[in-house]
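The values are calculated or read from the model by the stated rules, or taken from the named source; none is laboratory data. Just so it is clear, the structure is predicted and the values come from calculations on it, not from any experiment. Here the Cβ positions follow ideal geometry from the backbone for every residue, glycine too, while neighbour counts run over all protein chains shown.
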Amino acid sequence: MEIVPVRPGGPSIEPILQDYRQRYALSESMVLQALVAALATRRAQALIAVEAGRPVGAVVLSRQGGQGQIHLLHFLPEAAQARSALLERAESELAQEGGLASIQASLARFPEMELGEVFVGRGYTAVPRARMVLDLAGFAQDVLLPAEYRLVPWQAERLDEATRLVHAAHQALEDRTVFPEWSGLEGARHLLEQATGGTFGRFDPVLSPMLLVGGELAGLCLSLWHVALPNQGFIADLCVEEAQRGRGLGRALAVASARAFREAGAGVLGLAVTLSNQPALHLYESLDFRVEQYFDVFRREVGL
């Protein structure tokens with residue numbers, strides 16, 4: 001088996017992407033979504049596994065600073081040996097320049113692929129997650145809040161309060177394994193600055209409600225337009241201060257964001273949730289979010 005880069009005149013990646021779409025009944029937009037983040041950097045590349053003159057697998061990867069990312073890894077069922085070969089080659093390519101600190105892969109979970117076994121065997125931590133979506137066309141729930149609370153659009157002057165709230169909310173979550181760069185107070189602030197600055201998609205304060213009680217920040221729903229899927233919103237984070245939980249405040253924030261997106265013309269509101277976060281799963285299911293795709297986040301620290 002030979003692994004070669006995608007280049008003009010060389011083997012085409014299209015048969016692999018077509019098999020990926022057809023085998024798992026994925027829309028073309030779902031496949032493109034997996035590639036958008038890679039294509040956004042000039043340091044992205046695609047590699048093809050070739051056997052007996054035909055493509056049998058592909059991996060798409062990119063690197064930004066010390067962070068390596070694997071965006072897609074797929075192989076034909078008769079070429080299962082390609083999975084390990086492609087992963088090892090991707091790791092080698094990402095490490096070429098030196099200074100690589102970590103490698104992360106967010107890959108759709110399909111039983112036939114058995115990717116978890118390969119990644120975990122090479123020292124990656126696996127965190128099961130799900131992409132959930134809400135059809136906004138028929139969404140008609142009302143925002144219900146106790147009288148002492150009020151909702152306001154995102155207020156930039158409350159960044160320090162929001163940083164402390166997000167940091168506290170993330171402490172007990174498995175998400176810290178997935179996104180260690182956003183852990184700690186500095187990481188939480190960086191996340192908020194990136195999101196509100198448009199790094200992850202177009203940001204509109206009206207779509208990201210904040211919850212106030214007595215003039216203090218009690219919760220927030222950080223939402224933005226999806227970077228890859230037109231006319232779709234995305235909830236990046238939803239947090240409620242621990243002492244304020246159990247009063248339906250998280251639900252009110254999610255409903256407020258969904259209504260704002262619907263009024264702005266969005267047809268779908270999506271989010272990604274870690275499966276171990278049962279309270280969040282129950283909340284989203286109660287709002288009629290449905291699981292569109294299960295996926296796994298694999299992460300390996302290289303420079304430690």
Which pairs turn up if I take residues in region 66-85 that are polar (S, T, N, Q) and look for partners that are not in a strand (DSSP E or B) with beta carbon separation below 8 Å, at least 6 apart in sequence or on another chain? GLN67/ALA101; GLN67/GLU181; GLN69/ALA37; GLN69/ALA38; GLN81/MET1; SER84/VAL118
May I ask you to verify whether GLN278 is over 30 Å from LEU115 (Cα atoms) and either surrounded by fewer than 18 Cβ atoms within 10 Å (Cβ to Cβ) or not assigned by TED's automatic domain parsing to the domain that holds GLY99 (or both)? no
Taking helices (runs of 4 or more DSSP H) that do not extend beyond region 1-120, which have at least 1 residues that are of a type in the set (Lys, Arg), more than 18 Å from VAL297 (Cα to Cα) and at pLDDT 90 or above? 82-95
Residue list for region 284-302, filter: surrounded by 18 or more Cβ atoms within 10 Å (Cβ to Cβ) and more than 30 Å from ALA90 (Cβ to Cβ): TYR284, PHE289
Regarding LEU159, is this residue under 22 Å from LEU283 (Cβ atoms) and either touching a Leu at 6+ places or on another chain (Cβ under 8 Å) or in contact (Cβ under 8 Å) with a residue 60 or more places away in the chain (or both)? no
For ALA137, indicate whether it is touching a Gly at 6+ places or on another chain (Cβ under 7 Å), of a type outside the set (Phe, Trp, Tyr), closer than 30 Å to ASP288 by Cβ and outside any strand (DSSP E or B). yes
Could you say whether any residue in region 218-233 is without any contact (Cβ under 8 Å) to a residue 12 or more places away in the chain and either under 24 Å from THR125 (Cβ atoms) or within 14 Å of the chain's Cα centre (by Cα) (or both)? no
Any chance LEU134 is buried (at least 17 other Cβ atoms within 10 Å of the Cβ), touching a residue at least 40 places away in the same chain (Cβ under 8 Å) and on the phi < 0 side of the Ramachandran plot: yes
Give the residue, chosen from GLY201, GLY197, GLY214, that is at pLDDT 95 or above, assigned by TED's automatic domain parsing to the domain that holds THR274, farther than 17 Å from PHE289 by Cα and surrounded by fewer than 21 Cβ atoms within 10 Å (Cβ to Cβ). GLY197
